[in-house]
Amino acid sequence: MTDQVELRVMNGDGIRQFRELIDDLHSNPGMNVDLSWIYENRWSDSIESGVLVEKREFKQKLEAARYLMRTLYKVELVNKYFHQGLWAWLSAYYFDSVCPVDDRGERKPGKPYRHIPPADRYWRTIYRHLLAGPIRLYEMHGEAIKFLLRSDISKHGDFLEQLASRQEIAASKGILEAAGLLYWDQNTNKPKVGARSKDREPGTLRRYVDVLQQLMLTYDLYSMDGVAILRLLPQKEFGSWMPEDIRSQLKSED
Amino acid sequence: MKRRMNFTGRKKIYRNQVEVHLDKTDSGELQFILDLNWDNMEVPSTAEVAIEAYVGSNVQRFDLGTLGSVEFPITKTLSEFFSDVVYFRIKLINREDGLGKLLASCSGVSAGIGGKRTSLLPVAYRDLGDLIWRINFDRDVPHLEINRQYRSDIPIADIVQGNPGFQALVFPAVLEELLTHILIINEHTEIEGDEWQSQWLFFASLLPGVKSLEELPPRPMENVSDYEVWIEDAVDSFCRRHDLKKSFEKAFGG
């Protein structure tokens, strides 16, 4: 029998309690974490959606995105992908996935916004929530950007940060598709070696973002698909990162 | 096919050509009413109109059809926003070239509930003796103060808002002074949060080619040169992004 419970949202007291727990973990990462209180009315509210969530252990963001998208579609909450109480509760419910115990018996939660989405005004970190961020991207772009979500759910990751932190980029399916064509190794299911260089070496992901921001001054990249965006990139710099068939095609057009 | 990175023939849509109001519907959703005066824009009526509403990492796009077919003002519902202030980007796009080149655009147009608008740098007109402008840091947020004592034939408010020569000369200096004040004098390096300092750092960190502040050593006072280089990069990028050299040439060229 699967272990499932009714979906709830944390109230203000619950969010404070959860934040304290995250703070405590910073000073005592080996402490025992008891989250049984998240089902109590004192700390969370029922939303009477009839939605049940299954206890699972997610390894990758993609697994969580697929499952939660499917599960939450019936939930009628205003701005549900940005709802602080909903995503705080889900983070606590899936805490073993988003903040697992490591080999030394310790949990490293990182910054609170990874587990508790920002309140209304603190919108800059909303994409860094370990569950809501990936699911929002998946909701916008579906399977086309699954490469972006094939990484450890307990880590935000630099690859995702570079693309998700800028709304003009994160909102454009074509830009993300092109990033996948350039930097994702289909064989290893990981970013290509050197793609994430922090030194802005020619053709790397950071340079791609820089060049995009220049191209956005001239083109409406939002409406283009991935291959159309690759056509706009300088071949000399990005050609070697492109898939062979696209590179040959672009060469023949030159 | 030749690809030229920095060529842009796009026109600017000036703030006085756009009017946006934000309101709440009876069901609590946000809606905006946007009017665009394109009479003197020299853009064909076949240009396609796209409006992008954005707050932080959240963006919602509206493709409205051709300019000639849109009946301004338009009213649209923002189904995924919860902020009291929303920013807008307006794009007029040439689809006939098969590329989606921008014919005219503007971004950062803000609208707030009840007419509330936010500006990172409010402008105030003061008696400043022989000084043309200065930044006043003594208020809750820094203001760009402009001398209001000029001959009556000098439309100083128009110059500040729309004169490309003034903008090319003053805005980079303003940005440099603000970032120096924030990073080196105040030693404020926190990009998260709602303080004006964080908002400016966030703005600067999104400029093309500007590396993340997290890549710099901590404690600016002990690493002044690293922070000075970062500020210089941000100002350079700001000038490139807004074509300020071209603005200067346009204002003062023959």
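Quick notes
- The numbered conditions (1) surrounded by 13 or more Cβ atoms within 10 Å (Cβ to Cβ); (2) over 19 Å from A:ARG136 (Cβ atoms); (3) among the small types (Gly, Ala, Ser) are all true for A:GLY50 except (1).
Table: residues versus (1) within 14 Å of another protein chain (Cβ to nearest Cβ); (2) at pLDDT 90 or above; (3) within 30 Å of A:GLU106 (Cα to Cα).
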residue	(1), (2), (3)
A:ILE135	yes, yes, yes
A:PHE147	no, yes, yes
A:ARG150	no, yes, yes
A:SER154	no, yes, yes
A:GLU177	no, yes, no
A:GLY180	no, yes, no
A:ALA195	no, no, no
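- In the stretch A:8-28, residue farthest from A:GLY110 (Cα to Cα) [restricted to those that are touching a Phe, Trp or Tyr at 6+ places or on another chain (Cβ under 7 Å) and in a helix (DSSP H, G or I)]: A:ASP13
- Scan of the stretch A:216-254 for residues that are buried (at least 16 other Cβ atoms within 10 Å of the Cβ), under 30 Å from B:VAL49 (Cβ atoms) and more than 9 Å from chain B (Cβ to nearest Cβ), ordered by number: A:GLY226, A:VAL227, A:ILE229, A:LEU230
For every residue, the table says whether it meets (1) open to solvent by 30 Å² or more (accessible area, probe 1.4 Å); (2) more than 12 Å from every other protein chain (Cβ to nearest Cβ); (3) over 15 Å from B:ASP236 (Cβ atoms).
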residue	(1), (2), (3)
B:VAL170	no, yes, yes
B:ALA173	yes, yes, no
B:GLU177	yes, yes, yes
B:HIS181	yes, yes, yes
B:ILE185	yes, yes, yes
B:ILE191	yes, no, yes
B:TRP196	yes, yes, yes
B:PHE202	yes, no, yes
B:SER205	no, no, no
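- Apart from one condition, A:LYS173 fits all of (1) touching a helix residue (DSSP H, G or I) at 6+ places or on another chain (Cβ under 7 Å); (2) without any contact (Cβ under 8 Å) to a residue 40 or more places away in the chain; (3) of a type in the set (D, E, K, R); the exception is (2).
- Unique residue being under 30 Å from B:GLY129 (Cβ atoms), among the charged types (D, E, K, R), out of contact with any His (no Cβ under 6 Å at 6 or more places or on another chain) and open to solvent by 30 Å² or more (accessible area, probe 1.4 Å) when the list is B:ASP226, B:ASP153, B:ASP236: B:ASP153
- For A:SER44, the criteria (1) over 24 Å from the mean Cα position of the chain (by Cα); (2) open to solvent by 20 Å² or more (accessible area, probe 1.4 Å) hold in every case but one, which is (2).
- In the stretch A:202-215, the qualifying residues are those that are at the interface with chain B (Cβ under 9 Å from one of its Cβ atoms) and open to solvent by less than 20 Å² (accessible area, probe 1.4 Å), and the one that is farthest from B:ILE93 (Cα to Cα) is A:ARG206.
The values are calculated or read from the model by the stated rules, or taken from the named source; none is laboratory data. On a predicted model such as this, the values are computed, not experimentally measured, just so you know. Here the Cβ is made from the backbone with ideal geometry for all residues, glycine too, and neighbour counts use every protein chain on show. For accessibility, only protein heavy atoms count, side chains too; no ligands or nucleic acids. Shrake-Rupley method; radii C 1.70, N 1.55, O 1.52, S 1.80 Å.
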